[in-house]
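The values are calculated or read from the model by the stated rules, or taken from the named source; none is laboratory data. On a predicted model such as this, the values are computed, not experimentally measured, just so you know. Please note: Cβ atoms are built from the backbone with ideal geometry, for glycine as well, and neighbour counts cover all protein chains shown. Heads up: the accessible areas ignore ligands, DNA and RNA and are worked out on the full protein's heavy atoms, side chains in. Shrake-Rupley method; radii C 1.70, N 1.55, O 1.52, S 1.80 Å.
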Amino acid sequence: MKSNQTMVVTEFLFCGFPQFEDGGLLFFIPLFVIYVFIVIGNLTVVFAVRMDSRLHNPMYNFISIFSFLEIWYTTATIPKMLSNLISKQRTISVTGCLLQMYFFHSLGNSEGILLTTMAIDRYVAICNPLHYPTIMTSQLCAQLSAGSCIFGFLVLLPEIAWISTLPFCGPNQIHQIFCDFEPVLRLACTDTSMILVEDVIHAVAIILSVLIITISYVRIITVILRIPSVEGRRKSFSTCAAHLGVFLMFYGSVSLMYLRFSATFPPVLDTIFALMFAVLAPFFNPIIYSLRNKDMKMAIKKLLCSKMLTASAG
């Protein structure tokens, strides 16, 4: 159907899991378990922050919103990956592919902006603690959170609208495990030089965010090292450790996916990078936030105990 250049492609075929042809179920089970853990883990973080009054501050508010976005970020791709692992068809409509790209990258953009906002929040809290309550008010916190999500979704609209106008009339095999810009653009029956422009736009956005966060943390660490007491330094580092871990995980996987320009990798390596980006990084985020933060651990224990008491009473 798709090899005929005169015919219009109406669906794409995923070819990112060629090595799993005979063992899809073996990969389906761990991926399903990981997805369930991501959803439950992030929901636990969200509810723990909302139900514990001690965590009603900007830092934990940002964490809860990030965890909420993570649920939908993984839902944009993993359910389709799961169906592809146990299905022989492994197709997606062109419209479905565009929607997957839009929501996956819009949610990813929102998370990236939110991580940058969190770095600035930690910078103000540690480098200007006396003015922090007056600067990072609940109103500003809500505006920054909403702005991160709104901008993350709006900035991608022109790009997706442009891709939707491209003709797809040739090969329809996407050599990836989900719909992504570069594999989809290579299937367009038109000049693909715009791929380089896409790469540059993505690279600039990634590098700018990384620079802002890095500069913030260089300044934060410099200030922390000047704190005279060991306990004061430990406490200050602990408030930043979780965010720094998530930042390294998120932007490390993003860089492997999108800061390579024309460089090509073997299909297996491409699949591994995609799994790190779309699955493994979200999997570790709730672990990092819960295990590296004493207040969060206490809030989660309190939440789970209250749920168990409610269940036993019922």
Exercise for review: Pairs of Cα atoms under 8 Å, at least six residues apart: use those to get the relative contact order of the chain, whole percent.
Suggested key: 28 percent
Study note, to complete from the structure: Mean separation of Cα contacts under 8 Å (at least 6 apart) over the residue count of segment 195-284, i.e. the relative contact order in percent, is 38 percent
Study note, to complete from the structure: Result for the chain, cysteines with no Cys Cβ partner under 4.7 Å, is Cys15, Cys127, Cys141, Cys149, Cys240, Cys305
Revision key, fill the gap. Restricting to aspartates and glutamates and to Cα separations under 15 Å from Lys302, and discarding same-chain partners fewer than 8 apart, the set is Asp52
Exercise for review: Let me have the 222 nm mean residue ellipticity of the chain computed from DSSP H runs of 4+ only, each contributing -39500 (n - 2.57), with the sum over all residues rounded to the nearest 500.
Suggested key: -24000 deg cm²/dmol
Review point. What is the distance in Å between the Cα centres of segment 163-223 and segment 24-44?
Key: 26 Å
**Study point:** Dipole magnitude of the chain about its Cα centre (Cβ charges: Lys, Arg +1; Asp, Glu -1), debye to nearest 20
**Key:** 1300 debye
Practice item. List the residues whose amide H sits under 5 Å from the amide H of Ile174, counting only those 5 or more places along or on another chain, with H placed 1.01 Å from N in the peptide plane. Key: Leu13, Phe14, Cys15
Check your understanding: Quick one: with all protein chains in place, what share of the accessible area of segment 68-158 is carbon or sulfur, to the nearest percent (1.4 Å probe)?
Key -> 72 percent
Revision key, fill the gap. Segment 41-174 accessible area per residue, 1.4 Å probe, protein heavy atoms, integer Å², reads 42 Å²
Practice item. Taking the Cβ of Leu55 as the centre, find all other residues whose Cβ is under 12 Å away and add up their charges (Lys, Arg: +1; Asp, Glu: -1). Key: +3
Point to revise | Helical segments meeting 30 Å axial Cα length and Kyte-Doolittle -1.0 threshold in the chain (DSSP H) | key: 24-51, 94-127, 194-225, 230-258
Check your understanding: Based on the alpha-carbon gyration tensor of segment 55-109 and its eigenvalue square roots a ≥ b ≥ c, which shape applies: rounded if a/c is under 1.5, prolate if not and a/b is larger than b/c, or oblate?
Key -> oblate
Review point. Straight-line reach from Lys88: which aspartates and glutamates have Cα under 12 Å away, leaving out those fewer than 8 places along the same chain?
Key: Glu21, Asp22
Revision key, fill the gap. Given 60-69, 131-140, the highest-first ranking by average Cβ count within 10 Å works out to 60-69, 131-140
Exercise for review: Binning at 20 Å from 0, report for the chain what percent of all alpha-carbon pair distances ends up in each bin.
Suggested key: 29, 53, 17, 1
Check your understanding: Which order, highest average first, do 71-78, 111-118, 28-35 follow once you tally other Cβ atoms within 10 Å for each residue and take the mean per peptide?
Key -> 111-118, 71-78, 28-35
